[in-house]
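One structure below.
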Amino acid sequence: LTLAVTSSQLIMSFCLRHYFFRCFLTGLKLRTAVIHSVYRKTLKLSSHERQTRTSGEITNLISVDAQRLQDLTTYLHALWYSFFQIGLAIYFLWGQLGPSCLGGVAVIIIMIPVSKYIAQTMGRKQSILMKARDERVEKNSEILSTMKIIKFQSWEEPFKAQLASLRKVELNKLLHYVVFNSLSIMLWSAVPLLVALATFATYTLTR
């Protein structure tokens, strides 16, 4: 039995590593394709279209959105296998603990609206962060493109102060986003423990 358990864990580890390798490879190809497409489209923009698209937006498409698509491929299959895993877990727990496993199911159900609220809040905070980053990148590009005029007129300090102010606002928004993201990760890390505690507490109280 010990050999069977060890072998199953080794096989599972190898399968997971191969799965993640394939997902990362597919995500890298997707990210490369998106960056290539954005570059090609940028080179073909007309003068009118360039006025409606800032350099900050284009930079974010390449650096942030493309990376987000790459990260998506790793856990995209969770849309279907998570329900499969939950179903199997409930089936085996019901066989061992009986109706007491419904305590853990209740925790999972409670976490559904909580996860929805967290996702919506993260989306809002990320939108605010992207807007602040766009403004900072646009101002930085403006300064670099007019560097000769700025040097000739000795406007370094005013533009430096503007850029530092925009950077300070961006860092403030980034801090809020990172703190909330850390709290959400901590919450999701605690969910399995909460499910186990609720299940065994229900089993103990009903016996």
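The values are calculated or read from the model by the stated rules, or taken from the named source; none is laboratory data. If you're wondering where the values come from, they're calculated on a predicted model, not measured in any experiment. In this analysis, Cβ positions are derived from the backbone assuming ideal geometry, glycine residues included, and neighbour counts consider all displayed protein chains. These area figures cover heavy atoms from the full protein model, side chains too; ligands, DNA and RNA do not enter into them. Shrake-Rupley method; radii C 1.70, N 1.55, O 1.52, S 1.80 Å.
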Criterion violated by Lys139 - all others in (1) within 22 Å of the chain's Cα centre (by Cα); (2) closer than 26 Å to Arg68 by Cβ satisfied: (1)
Filter pass, Val179 being modelled with pLDDT of 85 or more, out of contact with any strand residue (DSSP E or B) (no Cβ under 9 Å at 6 or more places or on another chain) and either over 28 Å from Glu57 (Cα atoms) or open to solvent by less than 70 Å² (accessible area, probe 1.4 Å) (or both): no
Positions within the range 67-93 being closer than 18 Å to Arg22 by Cβ, of a type outside the set (S, T, N, Q), modelled with pLDDT of 80 or more and open to solvent by less than 100 Å² (accessible area, probe 1.4 Å), in sequence order: Leu69, Asp71, Leu72, Leu76, His77, Tyr81
Residue in the range 122-134 that is within 28 Å of Phe24 (Cα to Cα) and in a loop (DSSP other than H, G, I, E, B) present: no
Wholly enclosed helices (runs of 4 or more DSSP H) of the range 1-119 bearing at least 3 residues without any contact (Cβ under 8 Å) to a residue 40 or more places away in the chain: 2-43, 47-52, 66-72, 78-97
Any hit, the range 40-51, residues being among the charged types (D, E, K, R), out of contact with any strand residue (DSSP E or B) (no Cβ under 8 Å at 6 or more places or on another chain) and under 23 Å from Gly123 (Cβ atoms): no
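Yes or no, residue by residue, for (1) under 20 Å from Asp134 (Cα atoms); (2) surrounded by 12 or more Cβ atoms within 10 Å (Cβ to Cβ):
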{"residue": "Met12", "(1), (2)": "no, no"}
{"residue": "Tyr19", "(1), (2)": "no, yes"}
{"residue": "Leu25", "(1), (2)": "no, no"}
{"residue": "Leu30", "(1), (2)": "no, yes"}
{"residue": "Ile35", "(1), (2)": "yes, yes"}
{"residue": "Val38", "(1), (2)": "yes, yes"}
{"residue": "Lys44", "(1), (2)": "no, no"}
{"residue": "Arg53", "(1), (2)": "yes, yes"}
Residue match in the range 98-121 (condition: among the hydroxyl-bearing types (Ser, Thr, Tyr) and open to solvent by 90 Å² or more (accessible area, probe 1.4 Å)): yes
Selection from the range 134-155 of residues that are open to solvent by less than 50 Å² (accessible area, probe 1.4 Å) and touching a residue at least 60 places away in the same chain (Cβ under 8 Å): Asp134, Val137, Ser141
Test: residue in the range 188-204 that is under 16 Å from the mean Cα position of the chain (by Cα) and surrounded by 15 or more Cβ atoms within 10 Å (Cβ to Cβ): no
